[in-house]
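K.L.:
Let me begin by handing over the structure; questions about it come next.
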């Protein structure tokens with residue numbers, strides 16, 4: 001019982017900290033919109049020649065949501081590094097709680113924050129001509145949760161290996177861009193070189209983008225076009241993300257135990 | 001009296017460097033036990049071992065009857081800790097910080113609100129309960145940390161340099177709270193310091209140098225080691241005075257320039273006698289009681305390096321200002 005109560009206490013602290021930081025909430029909302037506008041406007045005209053039967057902004061929209069989830073989940077797990085740097089981690093580590101509950105509390109915190117923030121992004125759907133049914137929103141939210149949990153796992157693993165916020169930031173920079181560009185958010189991965197296929201299949205973001213794209217575009221454009229764009233059925237994407245999360249969280253807990 | 005901490009042959013090495021070297025001692029229930037020594041002497045390493053943050057290389061210790069190696073969780077529940085460096089979440093309110101702590105320590109919900117009120121009133125922060133910690137001064141943060149360490153009713157409170165980096169006035173204040181804890185709750189307090197004047201508040205002091213305890217006793221007894229009080233006198237008629245002192249009290253009189261010095265027991269009681277009994281006219285008189293500085297100097301042959309400490313303090317304060 002104490003195990004769950006301490007997870008809850010750690011989770012709640014993350015949420016309070018997030019809620020206090022209004023600048024962070026607002027800026028994490030505008031960054032993806034900027035991406036969508038700039039890339040959408042810039043590339044849609046160029047890409048009409050290629051023509052994959054769907055408006056480029058609509059194509060990119062699920063990718064942008066996934067990118068937002070990734071960025072925020074990573075950013076939220078930095079809190080572990082900050083805690084270490086500012087001494088608060090010591091307070092947590094000398095408490096009579098298990099390391100596993102600390103790691104899980106942190107991961108659930110990042111998952112909640114990233115999913116809620118991504119949910120806000122759905123308000124722009126009508127403006128770019130994407131209709132959202134309530135069932136679609138529910139399905140999307142489920143994948144937002146799965147994807148952010150998987151990313152929190154990576155973030156937590158890295159932050160338990162890092163000593164300072166600076167090195168964490170550096171590692172994130174190195175990871176975030178390749179993960180984003182090789183996720184299928186910008187272009188379909190159905191017809192790319194082999195090396196890109198291999199890397200993209202190990203990238204959890206690929207599965208998140210793939211699932212969200214199907215959920216959002218289903219019924220909006222013809223099934224034929226969708227089939228040309230997607231990689232796996234939604235359930236496969238879900239299973240991969242669950243498996244990936246479990247491995248990452250386990251590794252993070254191990255690293256956490258070893259560090260302290 | 002019952003021992004609340006029993007340390008046996010505790011040793012900690014870092015890459016071949018011995019930070020704590022085979023120390024053994026006991027802390028009695030209800031006393032303020034102080035660890036006095038320069039930076040790097042092994043004070044914090046000892047506290048870190050006793051609070052299960054790091055494992056000893058050798059030896060063991062019992063805290064509240066639990067082994068720091070085998071019963072970590074029980075030890076953790078038995079102790080409250082105030083770290084050398086700040087460890088509050090400054091984006092949370094005072095209340096939220098305490099609440100978080102209470103929940104991690106498994107204090108029941110219907111109980112912790114009562115306790116939060118109790119400890120916050122003790123350190124006089126009750127009216128700031130709902131303020132974000134970021135707005136607190138260094139002294140207030142330290143008080144809040146002490147309050148936090150008490151929420152789960154620990155058997156021992158560890159204070160690692162509780163007044164480091166605080167201004168003199170705040171330091172006195174912090175000490176008022178510590179003494180109040182001892183008086184009103186009979187709390188056992190284990191503290192480290194490198195401020196000599198603060199060590200005087202302790203019931204017993206262990207002087208630690210290079211990882212070893214070189215002396216352990218009450219402040220008064222420690223000071224007896226270096227000899228008695230020194231009374232310095234000056235007079236126009238120095239030689240007559242010297243002679244009179246030697247004849248009347250059988251004391252050895254040392255001459256330093258114009259000043260005559262004698263060593264006595266309990267100088268504050270000896271001085272009135274001199275006023276009444278001396279025939280020779282004296283111009284001035286002063287008393288110097290031995291301080292713990294002298295004890296440290298006597299035991300180790302050197303002074304506690306305050307300059308080194310102050311540069312570290314400076315860095316700490318700088319980091320505090322920068323961070324939180």
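The values are calculated or read from the model by the stated rules, or taken from the named source; none is laboratory data. Nothing here was measured: the structure is a model prediction, and the numbers come from that model. Using ideal geometry, Cβ is built from the backbone for each residue, glycine included, and neighbour counts are taken over all protein chains shown.
K.L.:
So is residue B:83 at pLDDT below 90 and facing chain A (nearest Cβ under 9 Å) or not?
P.N.:
So residue B:83 passes the test.
K.L.:
Answer with yes or no whether residue A:147 is without any contact (Cβ under 8 Å) to a residue 24 or more places away in the chain and either more than 12 Å from the chain's Cα centre (by Cα) or assigned to a helix (DSSP H, G or I) (or both).
P.N.:
Answer is no for this residue.
K.L.:
Being crowded, with 19+ Cβ neighbours inside 10 Å and within 14 Å of chain B (Cβ to nearest Cβ) narrows it down to one residue among A:80, A:23; which is it? Give the derivation first.
P.N.:
Numbers: A:23 fails: crowded, with 19+ Cβ neighbours inside 10 Å.
Only one candidate passes the filter, namely A:80.
K.L.:
For the list (1) part of a strand (DSSP E or B); (2) surrounded by fewer than 19 Cβ atoms within 10 Å (Cβ to Cβ), I need the number of the one condition that residue B:115 fails.
P.N.:
All conditions pass for residue B:115, except number (1).
K.L.:
Residues being touching a helix residue (DSSP H, G or I) at 6+ places or on another chain (Cβ under 8 Å) and on the phi > 0 side of the Ramachandran plot: count how many of those fall in the stretch B:178-210.
P.N.:
Going through the stretch B:178-210 one residue at a time, the tally reaches 0.
K.L.:
Which residue pairs have Cβ atoms closer than 6 Å, lie 6 or more positions apart in sequence or on different chains, and pair a first residue in the stretch B:86-114 that is not assigned by TED's automatic domain parsing to the domain that holds residue B:162 with a second residue that is at pLDDT 90 or above and outside any helix (DSSP H, G or I)?
P.N.:
From residues that are not assigned by TED's automatic domain parsing to the domain that holds residue B:162, there are no pairs.
K.L.:
Test residue B:139 against the criterion of being in a loop (DSSP other than H, G, I, E, B) and in contact with a helix residue (DSSP H, G or I) (Cβ under 6 Å, 6 or more places away or on another chain), and give yes or no.
P.N.:
So residue B:139 does not fit the description; no.
K.L.:
To continue, here is another question. Return the total of residues in the stretch B:18-76 being outside any loop (DSSP other than H, G, I, E, B) and within 14 Å of chain A (Cβ to nearest Cβ).
P.N.:
The initial filter retains those residues of the stretch B:18-76 that are outside any loop (DSSP other than H, G, I, E, B), namely B:18-28, B:32-36, B:43-50, B:58-63, B:66-67, B:72-76.
Of the ones still in play, those that are also within 14 Å of chain A (Cβ to nearest Cβ) are B:44, B:47-50, B:63, B:66, B:72-76.
Matching residues across the stretch B:18-76 total 12.
K.L.:
Within the stretch A:211-223, which residues are surrounded by 14 or more Cβ atoms within 10 Å (Cβ to Cβ) and part of a helix (DSSP H, G or I)?
P.N.:
Within the stretch A:211-223, A:211, A:212, A:213, A:214, A:215, A:216, A:217 meet the criteria.
K.L.:
Oh, and also: With the requirement that a residue be within 27 Å of the chain's Cα centre (by Cα) and within 25 Å of residue A:79 (Cα to Cα), what does the stretch B:88-133 give you?
P.N.:
Once the filter is applied, which keeps residues that are within 27 Å of the chain's Cα centre (by Cα) and within 25 Å of residue A:79 (Cα to Cα), the stretch B:88-133 yields B:88, B:89, B:90, B:94, B:97, B:98, B:101, B:102, B:105, B:133.
K.L.:
Does the stretch B:247-255 contain any residue that is in contact (Cβ under 8 Å) with a residue 24 or more places away in the chain and over 30 Å from residue B:182 (Cβ atoms)?
P.N.:
Yes, some residue in the stretch B:247-255 is in contact (Cβ under 8 Å) with a residue 24 or more places away in the chain and over 30 Å from residue B:182 (Cβ atoms).
K.L.:
Return yes when residue A:3 is within 13 Å of chain B (Cβ to nearest Cβ), part of a helix (DSSP H, G or I) and surrounded by fewer than 23 Cβ atoms within 10 Å (Cβ to Cβ) and no when it is not.
P.N.:
For residue A:3, the condition - within 13 Å of chain B (Cβ to nearest Cβ), part of a helix (DSSP H, G or I) and surrounded by fewer than 23 Cβ atoms within 10 Å (Cβ to Cβ) - is met.
K.L.:
Next question, about the same structure. Going through the stretch B:86-109 one residue at a time, which ones are touching a helix residue (DSSP H, G or I) at 6+ places or on another chain (Cβ under 7 Å), more than 9 Å from chain A (Cβ to nearest Cβ) and assigned to a loop (DSSP other than H, G, I, E, B)?
P.N.:
Across the stretch B:86-109, the qualifying residue is only B:107.
K.L.:
Out of A:8, A:88, which single residue is out of contact with any helix residue (DSSP H, G or I) (no Cβ under 7 Å at 6 or more places or on another chain), without any contact (Cβ under 8 Å) to a residue 12 or more places away in the chain and at the interface with chain B (Cβ under 10 Å from one of its Cβ atoms)?
P.N.:
Numbers: A:8 fails: without any contact (Cβ under 8 Å) to a residue 12 or more places away in the chain.
Selected residue: A:88, the only one of A:8, A:88 that is out of contact with any helix residue (DSSP H, G or I) (no Cβ under 7 Å at 6 or more places or on another chain), without any contact (Cβ under 8 Å) to a residue 12 or more places away in the chain and at the interface with chain B (Cβ under 10 Å from one of its Cβ atoms).
Residue-by-condition table, conditions (1) modelled with pLDDT under 90; (2) part of a helix (DSSP H, G or I); (3) within 21 Å of residue A:39 (Cα to Cα); (4) over 17 Å from the mean Cα position of the chain (by Cα):
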| residue | (1), (2), (3), (4) |
| --- | --- |
| A:179 | no, yes, yes, no |
| A:187 | yes, no, yes, yes |
| A:209 | no, yes, yes, no |
| A:225 | yes, yes, no, yes |
| A:238 | no, yes, no, no |
| A:241 | no, yes, no, no |
